[in-house]
Amino acid sequence: MNILPKKSWHVRNKDNVARVRRDEAQAREEEKERERRVLLAQQEGTSEYSEPAYTPSQARTEFLRRKARRRDPVPELEAADPGAPSSGPVDLFRELLGEGKGVPRGNKEHEEEKRQEKERQEKALGILTYLGQSAAEAQTQPPWYQLPPGPKGCPPGPSPDEKIKNRLDPLREMQKHLTKKRHSSESHPSREERPQKQRPRE
């Protein structure tokens with residue numbers, strides 16, 4: 001069964017072939033018209049397409065450039081004469097700001113205090129270190145792993161955790177039972193240590 005030629009989207013369908021040919025012919029005619037206009041403009045010399053080396057796209061670009069230059073001649077004049085007054089806002093204090101006289105200055109002492117406070121906080125956090133200085137040196141006290149072990153205000157005697165550990169320690173339980181056994185064996189002599197009764201000989 002050959003149903004492909006019956007599909008409307010088929011490439012070799014007569015309607016599609018005719019449409020493609022018609023579109024190509026129309027595109028050729030538009031291109032010829034564009035070229036004819038360019039040649040006519042070049043011959044007359046009245047258009048901006050007066051240079052013969054331009055393609056249509058280059059001619060359009062050049063046309064737009066010339067149009068922009070004609071519309072905006074004012075910036076070129078301003079660039080030539082910087083002392084002329086402009087149409088922008090009036091700045092009465094331009095000279096003072098240029099010399100640095102009118103620049104507002106803050107309280108130097110307050111700014112210095114704020115800077116020192118910020119530096120102190122950064123040092124305390126360990127953020128601020130200087131060149132050649134390690135992070136451990138930058139801190140006010142050494143890190144916990146560099147401190148020697150010792151009591152740090154703990155109450156004397158075993159802590160509650162140690163008491164629980166000692167109570168539940170299996171080795172300690174065994175030692176306790178062994179000591180009981182030793183005490184009981186000392187108070188009651190074993191069989192071997194008891195004096196044996198001698199039997200009468202027969």
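Going through the range 180-195 one residue at a time, which ones are modelled with pLDDT of 65 or more and not in a helix (DSSP H, G or I)?
H188
Cβ-Cβ distance below 8 Å, separation of 6 or more or different chains: which pairs start in the range 1-27 with a residue that is free of Cβ contacts under 8 Å to residues at least 12 places away in the same chain and end on one that is of a type in the set (D, E, K, R)?
Filtered contacts from the range 1-27: P5/R12; S8/D15; N13/K7.
Yes or no: the range 101-111 includes at least one residue that is touching a Ser or Thr at 6+ places or on another chain (Cβ under 8 Å), at pLDDT below 70 and surrounded by 10 or more Cβ atoms within 10 Å (Cβ to Cβ). Break it down stepwise before answering.
Going residue by residue through the range 101-111, those that are touching a Ser or Thr at 6+ places or on another chain (Cβ under 8 Å) are none.
No: the range 101-111 contains no residue that is touching a Ser or Thr at 6+ places or on another chain (Cβ under 8 Å), at pLDDT below 70 and surrounded by 10 or more Cβ atoms within 10 Å (Cβ to Cβ).
Given the options Q133, Q116, Q139, Q121, name the one that is surrounded by 10 or more Cβ atoms within 10 Å (Cβ to Cβ), among the polar types (S, T, N, Q) and modelled with pLDDT of 90 or more. It would help to see each step written out before you state the result.
Values: Q133 fails: modelled with pLDDT of 90 or more; Q139 fails: modelled with pLDDT of 90 or more; Q121 fails: modelled with pLDDT of 90 or more.
Result: Q116 is the single residue among Q133, Q116, Q139, Q121 that is surrounded by 10 or more Cβ atoms within 10 Å (Cβ to Cβ), among the polar types (S, T, N, Q) and modelled with pLDDT of 90 or more.
Quickly run through the range 57-83 and pick out the residues that are of a type in the set (A, V, I, L, M, F, W, C) and either under 24 Å from V38 (Cα atoms) or at pLDDT 55 or above (or both).
A59, F63, L64, A68
The values are calculated or read from the model by the stated rules, or taken from the named source; none is laboratory data. Here the structure is a predicted model, which means the values were calculated and not measured. Note: ideal-geometry Cβ built from the backbone for every residue, glycine included; neighbour counts use all protein chains shown.
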